[in-house]
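Working notes, beginning with the structure itself.
The values are calculated or read from the model by the stated rules, or taken from the named source; none is laboratory data. Predicted model only: the values in this text are computed from it and were never measured. Every residue, glycine among them, receives a Cβ derived from its backbone with ideal geometry; neighbour counts consider all protein chains shown.
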Amino acid sequence: MKVGFIGLGRMGSGMARNLLKAGHDVTVYNRTPERSRALSADGAKVAATIAEACRVDALITMLANDAAVEDVVLGPEGIVSHLQPGALHISSSTISVALARRLAEAHRANGQSFVSAPVFGRPEAAAAARLYILVAGDPAAREAAMPLLNVLGQRTFVVSEKPEAANLGKLSGNFLSASVIESLGEALALVSHGGLDSAAYLDFLTSTMFGAPVYRTYGPLIAQRRFEPAAFAAELGAKDIRLLLGAAQELRVPMPLASLLNDRFLRLLASGGEQLDWSAIGDLAARDAGGPAVALSTPPTYSL
């Protein structure tokens, strides 16, 4: 299949490489051109513009936030303006429910197909094609997307005919992961101050009732304070919790724990932790108990 891919960050690069390995004809575009050139060595065609990347059967976007997606998709030179009628846009970005709804409406008005297909997994899972994917959209569009999604992940879950439902599911999943990170950090701070060895404590947890991947992934990062380089930056985690709270307000669903997590991310960002891994919120409890702050490899700078 002729596939376009826009957004070659740590997640997108691995995903695009897996499409190439599967034999697809892949054209890539990234606002930072050197990332596109890195994929050309693996056989990708490099587009100089968004319009060039849209000359395909299906286009996948993996971008950082609502602003980037809105610009790339809905901007004057964006995807909606250049994707051919009948072609498919697969949005794998973690974006707001409201924006996903707008994207679906814009594509529908232009005779294009659209599905939301956000992913669960860190960059190593993207590189290994071990992502979990939520997909929502018109049944025919979902069917067209499946051969590509099956290349990118280990399992794809169909959740709705409304694309924005997949984004709501993704945000709620990230909320649960952040909740685990915060609670792990508090528990580790407690037992460490009580004289328990953190490594032994984590071995006990993950070998008994808390063996889920989220505990096995984030427990060691918090205990060892390994927050750089960030696989998922704290500023992106903060963004996801804000988007979750926006969706909760629209649906009139109180989420007090999400409000607490929003404050924890704000505290981390206020102390210069934007580029730390989002698991660094799990270090805040140790700081509150008198421990030192994480040393940043690049001190934050401020301007008025």
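The rows are residues; the columns are (1) in contact with a Pro (Cβ under 6 Å, 6 or more places away or on another chain); (2) of a type in the set (A, V, I, L, M, F, W, C); (3) over 18 Å from N174 (Cα atoms).
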site	(1), (2), (3)
H107	no, no, yes
L134	yes, yes, no
E143	no, no, yes
M146	no, yes, yes
V151	no, yes, yes
Q154	no, no, yes
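Among the conditions (1) surrounded by fewer than 20 Cβ atoms within 10 Å (Cβ to Cβ); (2) touching a strand residue (DSSP E or B) at 6+ places or on another chain (Cβ under 9 Å); (3) within 22 Å of R242 (Cα to Cα), the only one that N150 does not satisfy is (3). S81 passes every criterion in (1) surrounded by fewer than 24 Cβ atoms within 10 Å (Cβ to Cβ); (2) closer than 22 Å to P147 by Cα apart from (2). Which condition from (1) without any contact (Cβ under 8 Å) to a residue 12 or more places away in the chain; (2) surrounded by 16 or more Cβ atoms within 10 Å (Cβ to Cβ) is the one that E143 breaks? Checking E143 against (1) without any contact (Cβ under 8 Å) to a residue 12 or more places away in the chain; (2) surrounded by 16 or more Cβ atoms within 10 Å (Cβ to Cβ), the one that fails is (2). Cβ-Cβ contacts under 7 Å between residues 6 or more apart (or on different chains), taken from a first residue in the stretch 205-225 that is touching a residue at least 12 places away in the same chain (Cβ under 8 Å) to a second residue that is among the charged types (D, E, K, R), are listed as T206/R216; L221/D277; I222/D283; R225/D283.
Residues that are surrounded by 24 or more Cβ atoms within 10 Å (Cβ to Cβ), of a type outside the set (D, E, K, R) and farther than 30 Å from D277 by Cβ: does the stretch 112-129 have at least one? Looking for residues that are surrounded by 24 or more Cβ atoms within 10 Å (Cβ to Cβ), of a type outside the set (D, E, K, R) and farther than 30 Å from D277 by Cβ, one finds at least one in the stretch 112-129, hence yes. crowded, with 24+ Cβ neighbours inside 10 Å, in contact with a helix residue (DSSP H, G or I) (Cβ under 9 Å, 6 or more places away or on another chain) and either charged (D, E, K, R) or not assigned by TED's automatic domain parsing to the domain that holds D240 (or both), is that true of V28? When the stated conditions are applied, V28 passes them. Determine the pairs where a residue that is closer than 29 Å to V159 by Cα, located within the stretch 172-194, has a partner that is basic (K, R) and surrounded by 15 or more Cβ atoms within 10 Å (Cβ to Cβ) with Cβ atoms under 8 Å apart, the partner being 6 or more residues away or on another chain. Note: pairs meeting the criteria are E182/R264. Of these, G75, G137, G86, which one is surrounded by fewer than 19 Cβ atoms within 10 Å (Cβ to Cβ), out of contact with any Leu (no Cβ under 6 Å at 6 or more places or on another chain) and on the phi > 0 side of the Ramachandran plot? Every option except G86 fails the conditions. For residues in the stretch 45-72 being more than 23 Å from the chain's Cα centre (by Cα) and assigned to a loop (DSSP other than H, G, I, E, B), which is surrounded by the most Cβ atoms within 10 Å (Cβ to Cβ)? Out of the qualifying residues, it is V56.
Considering the stretch 78-141, the qualifying helices (runs of 4 or more DSSP H), each wholly inside and each with 3 or more residues that are within 22 Å of the chain's Cα centre (by Cα), run over 97-109, 123-127. Among the residues of the stretch 193-223, those identified as of a type in the set (F, W, Y) and either in contact with a Pro (Cβ under 7 Å, 6 or more places away or on another chain) or closer than 15 Å to S177 by Cβ (or both) are F210, Y215, Y218.
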